[in-house]
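Report on the following structure.
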Amino acid sequence: MGVLKLPLAIFLVQAAAQAPAPAPDVMPPPLPPPIVSSERAESTPTPTVMEDISVTANEPRYVAPTRRDKIGRIWAPVLVNGKGPFRLVLDTGASHSALTARTAQLVGIPLDMQHTVMLRGATGSVEVPVVPVDTLEYGDLLVEPKRLPIVPDALGGAEGVLGTDGLANKRIHISFRKDSITIMRSKGERADDGFVTIPVKMMRDRLLVVDAYLGGVAVKAVIDTGGQATLGNEALRHALAEHRKKYNVVNPDEVTGATLDVQVGNRVPTPALALGEVLVRNPAMTFADFAIFEHWKLKDEPAMLIGMDVLGLLDTLIIDYRRKELQVKLRRS
């Protein structure tokens with residue numbers, strides 16, 4: 001079973017020019033959605049199974065929820081050098097923003113083939129050309145002049161990646177029900193009634209990490225709005241296997257990252273994931289020593305990436321970088 005992993009992380013490293021080798025494109029199959037409840041982790045709740053969603057309206061333009069037949073997404077309408085807006089994938093796992101070659105062409109920016117940078121994804125890395133960009137603008141977000149990498153056009157219709165550069169002290173409000181996203185300066189607002197607060201730690205500047213528990217195993221959970229599938233490392237799989245033998249049952253799986261590199265993993269049944277007071281029952285996830293875990297120095301301890309298959313089940317997601325917390329509202333069945 002193939003899983004397409006959209007941009008997971010983008011880091012810039014100066015490198016010599018080199019043409020990347022083409023890799024096959026793998027489209028994601030339908031995945032059974034997890035179940036989300038707001039019971040406390042220490043209890044043993046029986047979460048309500050979320051009903052199928054009947055969508056009769058037009059396809060959302062920017063923010064789409066996870067449904068039984070489709071994983072959700074978060075796109076932001078961003079002006080590039082004052083032109084657009086262009087739909088960029090909000091990627092909290094990416095340290096830098098990026099554009100597709102077509103977006104650069106539409107804006108009228110020539111590719112800089114004399115300089116390349118290293119594009120790092122979940123499954124590997126590749127050298128890509130860059131483009132000089134004067135500004136990226138949306139709401140209170142303003143990213144000033146810099147060179148941005150050209151990301152392979154494997155974004156499912158999006159026109160680039162909006163990384164965490166420029167998001168310091170920002171508050172991002174995402175409504176899956178209303179198809180809306182706003183980025184504003186954080187004023188330190190507490191969560192409204194009906195929301196659950198999940199504390200986060202900042203790793204490598206703006207990487208959002210939650211101290212979570214998967215079946216009683218402590219795990220560092222990276223919030224990855226740019227990734228489709230939730231993924232775990234081998235250290236986490238081995239820790240789970242020590243608890244219950246059924247987690248030794250594995251099925252081969254393939255994950256294709258933003259760089260189009262393919263990495264083989266193991267699809268394993270998984271227990272409930274506790275994120276503070278939010279409990280997620282996910283039927284299975286893919287485990288491997290993905291390249292990004294090694295880059296983030298998270299290979300030797302239980303770690304996972306929480307993708308849009310889980311995050312897209314929410315009604316509202318607020319990311320407050322100043323308060324260092326997530327404020328989430330659960331979707332009603």
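The values are calculated or read from the model by the stated rules, or taken from the named source; none is laboratory data. The structure displayed is predicted, hence computed values, not measured ones. Here the Cβ positions follow ideal geometry from the backbone for every residue, glycine too, while neighbour counts run over all protein chains shown.
So which of GLU294, GLU301 ends up being modelled with pLDDT of 95 or more, of a type in the set (Asp, Glu), under 26 Å from MET118 (Cα atoms) and surrounded by fewer than 24 Cβ atoms within 10 Å (Cβ to Cβ)?
On inspection, the qualifying residue turns out to be GLU301.
Can you name every residue in region 106-131 that is at pLDDT below 95 and not hydrophobic (A, V, I, L, M, F, W, C)?
PRO110, ASP112, GLN114, HIS115, THR116, ARG120, GLY121, THR123, GLY124, SER125, GLU127, PRO129
Might you let me know whether region 86-98 holds any residue that is farther than 28 Å from PHE287 by Cα, of a type in the set (D, E, K, R) and surrounded by fewer than 17 Cβ atoms within 10 Å (Cβ to Cβ)?
There is no residue in region 86-98 that is farther than 28 Å from PHE287 by Cα, of a type in the set (D, E, K, R) and surrounded by fewer than 17 Cβ atoms within 10 Å (Cβ to Cβ).
If the requirement is being in contact (Cβ under 8 Å) with a residue 40 or more places away in the chain and of a type in the set (A, V, I, L, M), which of these qualifies: LEU119, LEU142, LEU111?
Being in contact (Cβ under 8 Å) with a residue 40 or more places away in the chain and of a type in the set (A, V, I, L, M) holds for just one of LEU119, LEU142, LEU111, which is LEU119.
Taking strands (runs of 3 or more DSSP E) that fall entirely within region 193-311, which contain at least 2 residues that are in contact with a helix residue (DSSP H, G or I) (Cβ under 7 Å, 6 or more places away or on another chain) and in contact (Cβ under 8 Å) with a residue 12 or more places away in the chain?
Ranges flagged: 217-223, 262-269, 303-306.
I'd like the residue in region 167-205 that is on the phi > 0 side of the Ramachandran plot and under 20 Å from the mean Cα position of the chain (by Cα) and, out of all such residues, is modelled with the lowest pLDDT.
For region 167-205, the residue satisfying everything is ASP205.
Could you list, in sequence order, the residues of region 173-191 that are within 26 Å of ARG61 (Cα to Cα) and either loosely packed, with under 14 Cβ neighbours inside 10 Å or not hydrophobic (A, V, I, L, M, F, W, C) (or both)?
HIS173, SER175, ARG177, LYS178, ASP179, SER180, THR182, MET184, ARG185, SER186
Of LYS170, LYS220, LYS201, which residue is surrounded by fewer than 17 Cβ atoms within 10 Å (Cβ to Cβ) and charged (D, E, K, R)?
LYS201
Just the residues that are farther than 25 Å from LEU236 by Cα and charged (D, E, K, R), please, taken from region 286-323.
Correct list: ASP315, ASP320, ARG322, ARG323.
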